[in-house]
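Undergrad: Pasting a structure here, questions to come.
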Ligand code: PGA
């Protein structure tokens with residue numbers, strides 16, 4: 001059976017709770033209207049907006065958190081634990097976004113601890129990986145991806161893979177100063193990621209959804225979503241308005 005196609009966004013440090021709720025209601029409606037059984041949608045807002053958002057009774061859009069601590073409680077000032085997220089029925093958590101890795105010093109080891117914590121709490125871990133511009137220029141892309149996957153998934157067993165999603169987001173493609181990756185580049189990188197996953201987990205590695213992200217926009221979305229190893233799009237700025245979300249959704253459905 002063909003895997004469902006995932007369309008989601010991380011809102012980063014944007015939108016107040018009120019702004020988010022209005023956005024979510026409109027996006028949920030759009031997804032409902034699209035009537036696509038094989039699409040799955042998710043939105044990952046800031047922590048402070050999650051309580052209000054979780055009360056909206058959304059029909060199509062799944063909510064996620066942008067990060068979390070690997071511990072359940074304790075001396076971790078400023079952190080949010082899986083127990084706290086579970087309280088709001090959040091069962092999806094994004095881990096290791098490049099901004100967490102590069103601006104807040106998160107290492108593969110920390111991300112691995114978070115992945116294991118997510119699994120302990122029955123949450124889906126959306127682990128982000130991707131090479132920096134320097135790593136790309138040094139020809140180290142595949143080495144970096146292999147390391148991020150192997151270390152990030154250390155201790156994850158084959159029967160836990162239904163709770164793992166991977167987003168490949170080349171760091172040089174992300175954000176306002178990013179440049180979009182050619183589809184051929186994405187295709188090759190996703191093949192390498194799939195190969196590494198199959199080396200680790202045999203055929204079960206094929207079931208892990210691989211999303212692509214980094215300056216996905218209306219001009220390039222169609223070229224990515226047709227690629228064989230792309231099971232979803234993880235979009236930023238381009239879908240932060242209901243209109244933008246609708247545009248990308250319809251490009252995927254065409
Ligand atoms: P962008 O963000 O689409 O705005 O480049 C992508 C991301 O950081 O996930």
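Please treat every number below as a calculation from the coordinates, not as lab data. Nothing here was measured: the structure is a model prediction, and the numbers come from that model. Reconstructed Cβ throughout: ideal geometry from the backbone, glycine too, with neighbour counts over all protein chains shown.
Undergrad: Just the residues that are farther than 17 Å from residue 171 by Cα and either within 18 Å of the chain's Cα centre (by Cα) or within 16 Å of the ligand (Cβ to nearest atom) (or both), please, taken from region 193-219. Break it down stepwise before answering.
TA: Within region 193-219, the subset farther than 17 Å from residue 171 by Cα is 194-209, 218-219.
Result: 194, 197, 205, 206, 207, 208, 209, 218, 219.
Undergrad: Would you confirm whether any residue within region 241-250 is more than 10 Å from the ligand (Cβ to nearest atom), in contact (Cβ under 8 Å) with a residue 40 or more places away in the chain, in contact with a strand residue (DSSP E or B) (Cβ under 8 Å, 6 or more places away or on another chain) and more than 25 Å from residue 99 (Cα to Cα)?
TA: The answer is yes, given that some residue of region 241-250 is more than 10 Å from the ligand (Cβ to nearest atom), in contact (Cβ under 8 Å) with a residue 40 or more places away in the chain, in contact with a strand residue (DSSP E or B) (Cβ under 8 Å, 6 or more places away or on another chain) and more than 25 Å from residue 99 (Cα to Cα).
Undergrad: Do the conditions hold for residue 238, that is, is it surrounded by fewer than 21 Cβ atoms within 10 Å (Cβ to Cβ), under 17 Å from the mean Cα position of the chain (by Cα) and over 24 Å from residue 91 (Cβ atoms)?
TA: yes
Undergrad: With the requirement that a residue be touching a residue at least 40 places away in the same chain (Cβ under 8 Å), under 16 Å from residue 248 (Cα atoms), under 19 Å from the mean Cα position of the chain (by Cα) and assigned to a helix (DSSP H, G or I), what does region 24-50 give you?
TA: Correct list: 27, 31.
Undergrad: Same structure again: Looking at residue 86, is it closer than 21 Å to residue 6 by Cα, surrounded by fewer than 18 Cβ atoms within 10 Å (Cβ to Cβ) and away from the ligand (no atom under 16 Å from the Cβ)?
TA: So residue 86 fails the test.
Undergrad: Which residue is nearest to the chain's Cα centre (by Cα), if the candidates are limited to region 221-235 and must be away from the ligand (no atom under 11 Å from the Cβ) and in contact (Cβ under 8 Å) with a residue 60 or more places away in the chain?
TA: Per the criteria, the residue is 232.
Undergrad: Just checking, which of 237, 194 is out of contact with any helix residue (DSSP H, G or I) (no Cβ under 6 Å at 6 or more places or on another chain) and closer than 20 Å to residue 45 by Cβ?
TA: Of the residues listed, the single one that is out of contact with any helix residue (DSSP H, G or I) (no Cβ under 6 Å at 6 or more places or on another chain) and closer than 20 Å to residue 45 by Cβ is 237.
Undergrad: Something else about it: Taking residue 56, is it in contact with a helix residue (DSSP H, G or I) (Cβ under 9 Å, 6 or more places away or on another chain) and assigned to a helix (DSSP H, G or I)?
TA: Judged against the criteria, residue 56 is not a match.
Undergrad: Continuing with the same structure: How many residues does region 1-20 contain that are assigned to a helix (DSSP H, G or I) and over 25 Å from residue 174 (Cα atoms)? Steps first, please.
TA: As a first pass, look at region 1-20 and keep what is assigned to a helix (DSSP H, G or I): 17-20.
Those still in the list that are over 25 Å from residue 174 (Cα atoms) too: 18.
Residues in region 1-20 being assigned to a helix (DSSP H, G or I) and over 25 Å from residue 174 (Cα atoms): 1 in total.
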